[in-house]
1. Computed FRET efficiency, Cβ-Cβ of residue 364 and residue 248, R0 22 Å: what is it to the nearest 0.05?
2. Cα centroid distance between the stretch 362-391 and the stretch 247-321, in Å?
3. Can you tell me the order of 231-241, 95-105 when each peptide is scored by its average per-residue count of other Cβ atoms within 10 angstrom, highest first?
4. Need the full-extension length gain, residue 301 to residue 80, defined as separation in residues times 0.36 nm minus the C-alpha distance. One decimal, nm.
5. For a quick check: sort 249, 128, 302 by the number of other beta carbons within 10 angstrom, fewest at the front.
6. Ratio of Rg to Rh for the stretch 130-236, alpha carbon only, Kirkwood?
7. Taking the Cβ-Cβ separation of residue 58 and residue 325 as r and a Förster radius of 35 Å, what is the calculated FRET efficiency to the nearest 0.05?
8. Roughly what % antiparallel, to the nearest 5, for the DSSP beta bridges in the stretch 165-312?
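Read the figures in this text as sums done on the coordinates, not as results from a lab. What you see is a predicted model, and the numbers here were worked out from it, not measured in a lab. In this analysis, Cβ positions are derived from the backbone assuming ideal geometry, glycine residues included, and neighbour counts consider all displayed protein chains.
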Ligand code: SAH
């Protein structure tokens with residue numbers, strides 16, 4: 001045990017008391033850290049603010065929650081306790097072929113670490129230098145605790161460059177598996193840990209996929225930005241008459257078709273195309289749908305891109321609303337951190353204005369309970385989903 005301590009300035013201490021978790025070198029009363037490590041953090045009056053993880057990038061301190069006593073635990077003690085608690089919080093979702101986010105960064109008091117479990121395969125995303133250094137403590141604990149066959153690092157994320165970490169995908173434990181099949185609400189999903197999007201799958205949309213299944217009976221369905229057709233296949237399982245999945249990735253759509261066949265689902269059509277171009281064709285043909293799902297990638301990856309992103313969301317939602325048949329439903333999503341709930345609703349409201357029918361907001365959803373939102377860290381509430389209905 002060591003006792004490295006960092007102190008915040010008076011101004012930063014106020015922010016910390018109000019729940020801020022991330023600090024820059026200006027916020028420190030101590031000299032900036034010269035390496036990534038676990039430290040004890042104190043406010044300007046010497047009061048304990050728990051543990052912190054330092055980095056040598058611009059973002060040089062992230063608070064990592066309370067810890068008993070005055071000391072700094074060694075890294076394996078710290079990660080064992082935090083990982084154990086995160087796993088226990090999800091103990092109901094750990095079936096042999098279940099999929100679940102096990103660790104959701106700051107919301108699990110583990111800044112810079114995400115771990116997704118796909119049955120026997122774990123996919124880990126570390127975005128801080130400290131996590132990178134501690135993989136030799138993290139990975140063996142997870143493997144031993146969960147009995148996992150393999151662990152993959154999906155370190156191909158842009159934020160890693162802020163801590164001078166390489167973008168890479170590599171096997172950390174076990175043997176390489178290209179695909180693993182998991183079950184969600186009784187449907188199969190083929191996850192590609194090395195080559196799929198994000199950590200291989202969009203785990204966060206589980207609640208919206210369940211909602212679509214519930215609403216789909218007897219409806220014609222259009223799944224825009226479908227990836228592996230998770231929404232389209234749930235709609236078919238829920239009794240949709242037909243489902244059309246559109247995505248620019250032909251590879252993802254092949255997986256969609258194969259998963260549908262394996263589950264005995266009929267009525268799936270896939271189109272590998274740019275959604276915006278495809279929507280033009282659909283409109284020209286006068287096609288309408290009883291249920292449209294619109295789940296685009298984040299249009300605003302930074303605050304700077306916000307203006308363009310707002311126009312994008314407004315236009316896309318107007319196009320999607322125009323495709324609704326009478327009484328039709330639209331499930332519309334944004335996963336942009338920078339577009340918060342009220343802002344997204346404003347854009348959707350603007351999209352609905354001027355249409356020849358009225359639109360009601362029937363339900364708001366977000367990511368599932370395995371992606372907890374830390375109340376003082378609004379960035380952790382990145383996924384917003386709205387259920388809209390055309391009123392006739
Ligand atoms: N709905 C999916 C997740 C969608 S993620 C699910 O629940 O699993 C966004 C998807 O949009 C990705 O699969 C990506 O390939 C696709 N995409 C991004 N831009 C696109 C575009 N302009 N046209 C078509 N697809 C696009």
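1. On the way: r = 28 Å, r/R0 = 1.27.
Computed FRET efficiency for residue 364 and residue 248: 0.20.
2. The two parts, judged by their Cα centres, are 20 Å apart.
3. Details: 231-241: 25.4, 95-105: 19.9.
Packing order, densest peptide first, comes out as 231-241, 95-105.
4. On the way: separation 221, 0.36 × 221 = 79.56 nm, distance 3.28 nm.
Between residue 301 and residue 80, full extension yields an extra 76.3 nm.
5. Values: 249 16, 128 25, 302 11.
If I rank by nearby Cβ atoms, fewest first, I get 302, 249, 128.
6. Working: Rg = 17.1 Å, Rh = 16.1 Å.
Expressed as Rg/Rh, it is 1.06.
7. 0.10
8. On the way: 5 of 19 bridges.
Here the antiparallel bridges make up roughly 25 percent for the stretch 165-312.
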